[in-house]
Structure formats: structure tokens, C-alpha cells
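Student: Please read through the structure below; I'll follow up with questions.
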Amino acid sequence: MLSSVGRAAIRRLVSTSSITASRRIAVSWPATYTVRYGRVFVQGFASAGRPKASTTTKATTKTSKTGKSTKSTKATKGTTKASAGKGRKKSTTTTAKKTTKAKSKTSASPKAKGRRIKRKREPLSPEKKLVVQRRELKKTAMFEEPKNLPDTPWTVYIFEQTKNKTVLPENLRNRMKEISELYKNLSASERQRLANAAEQNKLSNAAAYTAWVESHTPEETVAANKARYLLKRKFQYPASPHVVKLIRDHRIPKRPVTPYSLFTRARWASGDFAGRPFGEAAKAIGKEWLKLPDIERHAYDDLGKAARTEYEKEVEAVLHRKPSPRRITSKPPSEE
DNA sequence: CCGGACGATAATTGTTCGGT
DNA sequence: ACCGAACAATTATCGTCCGG
């Protein structure tokens, strides 16, 4: 049982040895989605992320800065049309298209016969295959998310103060300091105005995002997230933000809670661990769980089963597929 | 990629199990 | 076979806004 400490240590090792934490994939939800978010980690870099006070901090900070502005700029362009819900079918199947193209080409050159085409498709080196795969993944990844309006008082203020106003790069630093000073000295009513504007923007951001998500099918967003995940893992794409934002589709069923999760929830709710350090409490809860009498444990197992059943129903209804076969519920350690 | 302020969130612990 | 998401509370850190 070196588990806890040992595992954490290993994780830390992995994180430091793996060139910053930049491989983690994470999701960033719009503000209104207070729902729990999902975290997806790249294989082999599990928990490699957010370094605390360790030496990795600086490195991470430096590398992670890259390209955030780039991305936001791109996103800005897409803002307006985003909510309109443009491309309904981002067909995830490209085979049909290909066939069509091939046909038209054949007819274009009368001399070309069936045999010629055969010869053509033979090459396709491994490198090319990768290129093709990458292109397909990019297509299905749905990268054209709507851009957000500034949604905090501070960013709204920056927006107002700098938008469409020429600032030389060498003056940017001073300008920012000025704006900061101005911001600090704002009147209460002025702050309120900014807060209101931010709140308003937050609402329209959420609406735009939802509209965009719903302009695709749940299956499409699931495929898109898979594509994003693969792109990051196999192709390090996009290179700039080390965190990949997955599409948050409220229609996609959440994974069912496990019996242990339910137990954790109940133990925290009991108040027995109020004020105690998170890690310490988690360890204690884990021990409690392993010692839990069968009768009590079965209660959580039953709740877990119900959650699973509910999940199965949702998956079938929303994603039109069967969920993975149910695992044999593991038995408590204290078998008779 | 710079600057400052601040809302959002990943990491932390433990176990179980869905997904690939 | 193995990764990560499910739950909890807290907090350090990240991303965000602008222009050139």
C-alpha cells in the first residue's frame, strides 16, 4: 500500500520529465454552464498538469502563453455567424464525396480508363496517410466555435479602452498601466455598468454557444471531441494552447456515478470532514469505504446500478447506440 | 507576445467502472 | 489492458480582453 504517496510521486515525476504539463487536454465551459465539466487527459500524461510550486511552474507558464491571442483572434471572426447555426451537416463520412470526385475526373479525361485509376491509388505512403488522417480529424473536430464577448468587468473595460485604438507596441505596457489605474478609480456606478455589461455578454455568449452546439447532432460533437483528443495526442495539434477545449454538449449523457462516488458525496455531506484538508479527508473516506460493512455498501451499489440504468437509457436515446456492456460489479473485500 | 485584473478551472485524494 | 471520469472542497494557476 504505497498507493497514495507513491502514485502521486510517480505522477509528479512524469509531469516534470515530460516537458511541462502542456499535453493535458481540458475543457473550458462558458460561464453559465455551472454543471460539472469533464476532464480529459492525454494518455501517458495523466495528471501531469498544473504544477504547483514546483520548478515546472515557470516552464509551463512560458510555454503555455503561446498563441492564446492567435486563437482568440480567429475566434473573433466567427462570432457573428456562429449563433446562426450554419453548417448543419459536417458530414463525418467523407467516403461519399470522394467517390463523386473520382467520377467527375474520369469523365473529364476521355482517355482515362478504369485501369489508370487503379494505378493512381496504389502509392499513399505512411506519411501521406497521416496527413490525410490529420485533415479528416480537423474536419470533424468542429473548430469553428463562436467567439465570446468579454464577460468580466475588467475585460469589458479593456475592450472599451483599446478597441480600434492604435497603440504602439512599445506603448502598450504604459497604456495597460494607465487603464489599470483608471479602472481602480472608477466610480461605483461605472463599475456597475461594466458588471452589467459583462453579465449581459455572458448571457449572449452562452446562448451563442448553445445554439452552435445544437446546430450539430450529439453524435457529431462526440466525434468532434474524439477528433480533438486524437489530434492533440498524435499530432500535437493545435500546438498553441496546451489545453484543448472540448466541446461541451449538454445533451451528451454524463457517465454514471460509481458507488464510491456516491459514498464520497454522502460522507462530505455529513459534515464529518468539514474544515479538514482535502487530501486527508479523501484518504479517510477511502479507508472507510474499504471497511464498510456489506449491508451498507450494498445500498450504494444499488444506487450505482440505478444510475447506470439511467445512463444506458440516455445513451440509447441521445447517441443512438448501445452503451458498453455492464461490468460485473466488484465484490466488497469482506467476502464470506 | 506585452501589460493588469479577475473569473474559470485543474490538481489534490481515494475507489470503481465505462470506453477504447 | 489501461486510461480517465465520476464525487467531494480548496486554491494555485491559467486564460481572457486589446493592438501591432
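The values are calculated or read from the model by the stated rules, or taken from the named source; none is laboratory data. Note that this is a predicted model, so its numbers are computed, not measured. Every residue, glycine as well, gets a Cβ built from its backbone with ideal geometry; the counts of neighbours run over all protein chains shown. Ligands, DNA and RNA are excluded from the accessible area calculation, which covers all protein heavy atoms including side chains. Shrake-Rupley method; radii C 1.70, N 1.55, O 1.52, S 1.80 Å.
Student: Quick check on A:GLU127: is it free of Cβ contacts under 8 Å to residues at least 24 places away in the same chain and under 22 Å from A:LEU231 (Cβ atoms)?
Tutor: Answer is yes for this residue.
Student: Scanning for something in contact (Cβ under 8 Å) with a residue 60 or more places away in the chain, loosely packed, with under 15 Cβ neighbours inside 10 Å, aliphatic (A, V, I, L, M) and part of a loop (DSSP other than H, G, I, E, B), does the range A:242-250 turn up at least one residue?
Tutor: Among the residues of the range A:242-250, not one is in contact (Cβ under 8 Å) with a residue 60 or more places away in the chain, loosely packed, with under 15 Cβ neighbours inside 10 Å, aliphatic (A, V, I, L, M) and part of a loop (DSSP other than H, G, I, E, B), which makes the answer no.
Student: Further, regarding this structure: Any residue in the range A:132-155 that's farther than 18 Å from A:ALA207 by Cβ and of a type in the set (Ser, Thr, Tyr): show its pairings with residues that are away from DNA strand B (no atom under 16 Å from the Cβ) and open to solvent by 60 Å² or more (accessible area, probe 1.4 Å) at Cβ separation under 8 Å, as long as the two are six or more apart or on different chains.
Tutor: Hits for this filter: A:THR140/A:LYS90.
Student: Another one. Taking the condition farther than 29 Å from A:PRO218 by Cβ and modelled with pLDDT of 85 or more, does A:MET176 pass?
Tutor: Criteria met by A:MET176.
Student: A further question on this structure: What are the residues in the range A:213-232 that are more than 14 Å from A:HIS320 (Cβ to Cβ) and out of contact with any Phe, Trp or Tyr (no Cβ under 9 Å at 6 or more places or on another chain), if any?
Tutor: Within the range A:213-232, A:VAL213, A:GLU214, A:SER215, A:HIS216, A:ASN225, A:LYS226, A:ALA227, A:TYR229, A:LEU230, A:LYS232 meet the criteria.
Student: Report the residue count in the range A:270-296 for those that are open to solvent by 90 Å² or more (accessible area, probe 1.4 Å) and within 13 Å of A:PRO259 (Cβ to Cβ).
Tutor: Selection size over the range A:270-296: 2.
Student: Out of (1) within 16 Å of DNA strand C (Cβ to nearest atom); (2) modelled with pLDDT under 95, the odd one out for A:LEU292 is which?
Tutor: Every condition holds for A:LEU292 apart from (2).
Student: Only one residue in A:LEU172, A:LEU168 is farther than 18 Å from A:ALA197 by Cβ, open to solvent by 80 Å² or more (accessible area, probe 1.4 Å) and near DNA strand B (Cβ under 6 Å from one of its atoms), so which one is that?
Tutor: Testing whether each residue is farther than 18 Å from A:ALA197 by Cβ, open to solvent by 80 Å² or more (accessible area, probe 1.4 Å) and near DNA strand B (Cβ under 6 Å from one of its atoms) leaves just A:LEU172.
Student: Further question: If only one of A:ARG255, A:ARG267 is within 30 Å of A:LYS138 (Cβ to Cβ) and near DNA strand C (Cβ under 9 Å from one of its atoms), which one is it?
Tutor: Among A:ARG255, A:ARG267, only A:ARG255 is within 30 Å of A:LYS138 (Cβ to Cβ) and near DNA strand C (Cβ under 9 Å from one of its atoms).
Student: Follow-up. Quick check: anything in the range A:260-279 within 30 Å of A:GLU214 (Cβ to Cβ) and modelled with pLDDT of 95 or more?
Tutor: There is at least one residue in the range A:260-279 that is within 30 Å of A:GLU214 (Cβ to Cβ) and modelled with pLDDT of 95 or more.
Student: From A:ALA207, A:ALA227, which residue is surrounded by fewer than 19 Cβ atoms within 10 Å (Cβ to Cβ), more than 9 Å from DNA strand B (Cβ to nearest atom) and part of a helix (DSSP H, G or I)?
Tutor: A:ALA207
Student: Exactly one of these conditions fails for A:LYS234: (1) open to solvent by less than 60 Å² (accessible area, probe 1.4 Å); (2) away from DNA strand C (no atom under 11 Å from the Cβ); (3) within 20 Å of the chain's Cα centre (by Cα); (4) farther than 23 Å from A:GLU312 by Cα. Give me its number.
Tutor: (1)
Student: Still on this model: Tell me which residues, restricted to the range A:262-315, are small (Gly, Ala, Ser), in a helix (DSSP H, G or I) and more than 10 Å from DNA strand B (Cβ to nearest atom).
Tutor: Within the range A:262-315, A:ALA266, A:ALA269, A:ALA299, A:ALA306 meet the criteria.
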